[in-house]
Amino acid sequence: MSTARTTRPYGPLVIDIEGVKKLYQMGAETIHALRGVSLKIHRNEYLAIMGPSGSGKSTLMNMLGCLDTPTEGHYEFNGKNVAAMVDDELADIRNREIGFVFQTFNLLPRSDALKNVELPLIYAGVPPHERRERATQVLREVGLENRMFHKPNELSGGQRQRVAIARALVNRPSIILADEPTGNLDSQTGVEIMALFEQLYSLGNTIIVVTHEEDIAQHARRIVRLRDGLIESDKNVG
């Protein structure tokens, strides 16, 4: 764990969830994935969401990431009512406002690191020269300036996750949403990736990590624990 644990002052409210419920129909059975969750997250927070299998943390992550909408309740992202958005509006928020980091990296295997990082900028309609400039800059920020033209199969697991983090950063999103970001990495590489998140947080990024690992959650400044679709506890740490 990082020895220098600074906590930045909070900025404006980014996420405001009130009484969110999510129901899934599985044949004749109704699954209550979320049972009335309320959560506020400000800019410059470093938050971990924890919970056992079936607690609702994956459903909450999908909700926060605008990959799903609530069955009931209210969700505002930067003051916009997400619960009322259509698919195109949700896709726009996902691309412009949220940087995703996945356990499985989700990189394009035939594209080099630079092209993988440029991808969100292509969707956003950024001109080629600016795309390359911004992608190069964030790869430099994550320590991969000498691996920009390597394809994923030429990179280690830790380097692939750094490419994924650079891709998450390139659109200058409101939040970075990381799902089990060290799940496919050995312990030493996991420590390095969490040190990188610490660095990104110190630079003013808002980070939400979804994890089932206590030692990973302890890097955050706030831990929200879920159980049976409800928030069991919400505490500042460190």
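Looking at the stretch 68-90, which of its residues are in contact with a helix residue (DSSP H, G or I) (Cβ under 8 Å, 6 or more places away or on another chain), free of Cβ contacts under 8 Å to residues at least 40 places away in the same chain and part of a strand (DSSP E or B)?
Taking the stretch 68-90 as the starting set, the residues that turn out to be in contact with a helix residue (DSSP H, G or I) (Cβ under 8 Å, 6 or more places away or on another chain) are 68-70, 73-78, 80, 82, 85, 90.
Still in the running and free of Cβ contacts under 8 Å to residues at least 40 places away in the same chain: 69, 80, 82, 85, 90.
Of everything in the stretch 68-90, just one residue is in contact with a helix residue (DSSP H, G or I) (Cβ under 8 Å, 6 or more places away or on another chain), free of Cβ contacts under 8 Å to residues at least 40 places away in the same chain and part of a strand (DSSP E or B), namely K80.
For residues that are within 22 Å of S187 (Cβ to Cβ) and either basic (K, R) or surrounded by fewer than 24 Cβ atoms within 10 Å (Cβ to Cβ) (or both), tally how many sit in the stretch 148-164. Outline the logic, then answer.
In the first step, residues of the stretch 148-164 are kept if they are within 22 Å of S187 (Cβ to Cβ); the result is 152, 155-164.
Still in the running and either basic (K, R) or surrounded by fewer than 24 Cβ atoms within 10 Å (Cβ to Cβ) (or both): 152, 155-160, 162.
Qualifying residue count, the stretch 148-164: 8.
Among the residues of the stretch 36-67, just one is in contact with a helix residue (DSSP H, G or I) (Cβ under 7 Å, 6 or more places away or on another chain), among the small types (G, A, S) and within 13 Å of I17 (Cα to Cα), namely G65.
Residues that are crowded, with 20+ Cβ neighbours inside 10 Å and over 24 Å from M194 (Cβ atoms) within the stretch 32-55 comprise A33, L34, V37, listed in sequence order.
If the condition is being in contact (Cβ under 8 Å) with a residue 60 or more places away in the chain and of a type in the set (D, E, K, R), then the stretch 170-194 contributes D179, E180. The single condition among (1) of a type in the set (A, V, I, L, M); (2) modelled with pLDDT of 95 or more; (3) in a helix (DSSP H, G or I) that M148 does not meet is (3). Note on the stretch 204-238: residues that are more than 12 Å from G51 (Cβ to Cβ), out of contact with any Pro (no Cβ under 9 Å at 6 or more places or on another chain) and buried (at least 22 other Cβ atoms within 10 Å of the Cβ) total 4.
If you check I193, I176, I208, which single one turns out to be part of a helix (DSSP H, G or I) and either touching a Gly at 6+ places or on another chain (Cβ under 9 Å) or under 19 Å from Q103 (Cα atoms) (or both)?
Values: I176 fails: part of a helix (DSSP H, G or I); I208 fails: part of a helix (DSSP H, G or I).
Only one candidate passes the filter, namely I193.
Of all the numbered requirements in (1) more than 30 Å from G36 (Cβ to Cβ); (2) in contact with a His (Cβ under 8 Å, 6 or more places away or on another chain), N184 misses one, and that requirement is (2).
Being charged (D, E, K, R), free of Cβ contacts under 8 Å to residues at least 24 places away in the same chain and buried (at least 20 other Cβ atoms within 10 Å of the Cβ) is true for just one of R131, R167. Which residue is that? Can you show your working first?
Details: R167 fails: free of Cβ contacts under 8 Å to residues at least 24 places away in the same chain.
Just one listed residue meets the conditions, R131.
On the given criteria, is D234 outside any loop (DSSP other than H, G, I, E, B) and modelled with pLDDT under 95? No, not satisfied.
Given the conditions (1) of a type in the set (G, A, S); (2) modelled with pLDDT under 90; (3) closer than 23 Å to N78 by Cβ, and given that G183 satisfies all but one, which numbered condition is not satisfied? Looking at each condition in turn, G183 falls short on (3). So, in the stretch 91-124, how many residues would count as being farther than 12 Å from A164 by Cα, in contact (Cβ under 8 Å) with a residue 40 or more places away in the chain, crowded, with 18+ Cβ neighbours inside 10 Å and charged (D, E, K, R)? Here the count works out to 1.
The values are calculated or read from the model by the stated rules, or taken from the named source; none is laboratory data. Because the structure is predicted, anything quoted here is derived from the model rather than measured. Glycine gets a Cβ as well: all are built from the backbone with ideal geometry, and neighbour counts include every protein chain shown.
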